[in-house]
1. Give me the extension gain from Cys34 to Ser62: residue separation times 0.36 nm, minus the current Cα-Cα distance, reported in nm with one decimal.
2. Could you rank Asp44, Asp24 by how accessible they are, 1.4 Å probe, largest area first?
3. Provide the per-residue ³J(HN,Hα) series for segment 70-79, in order, calculated from phi with Karplus coefficients 6.51, -1.76, 1.60 and θ = phi - 60°, each as a whole number of Hz, with x at glycine and proline positions.
4. Grab the other residues whose beta carbon is less than 14 angstrom from that of Asp29, score K and R as +1, D and E as -1, and report the net.
Amino acid sequence: SDEELSDASHEEEASASEEEVPDDGENQDECFHCKDGGDLLLCDGCPRSFHFECLVPPMRKSDMPAGDWLCEFCVAKSA
């Protein structure tokens, strides 16, 4: 029935962890940490996006390295 289908899809949404990021080839348009939009730093290794001030440790735009930038999750994955 339709009710059973809507219950099942709701359970799937609830069980998705914060660590799972859909990879559709585009970065997210909200910060992974605070879930707000704005001026975001885009990870070159995954779809996550971050505000400079939400990074751990925070980073200034002037400290942005040249070339590709990897978020804390991608750095930890490659270690």
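1. Details: separation 28, 0.36 × 28 = 10.08 nm, distance 2.18 nm.
Difference between extended and current length: 7.9 nm.
2. Values: Asp44 90, Asp24 115 Å².
If we order Asp44, Asp24 from most to least accessible, we get Asp24, Asp44.
3. Couplings: 10, 6, 4, 6, 5, 5, 5, 5, 8, 6 Hz.
4. Values: positive: Lys35, Arg48; negative: Asp24, Glu26, Glu30, Asp36, Asp39.
Taking every Cβ under 14 Å from that of Asp29, the sum is -3.
The values are calculated or read from the model by the stated rules, or taken from the named source; none is laboratory data. Predicted, not measured: the structure shown is a model, and the values here were computed from it. As a convention, Cβ positions derive from the backbone with ideal geometry for all residues, glycine included, and neighbour counts pool all protein chains shown. Accessible surface is based on the protein model in full, side chains and every heavy atom, while ligands, DNA and RNA are left aside. Shrake-Rupley method; radii C 1.70, N 1.55, O 1.52, S 1.80 Å.
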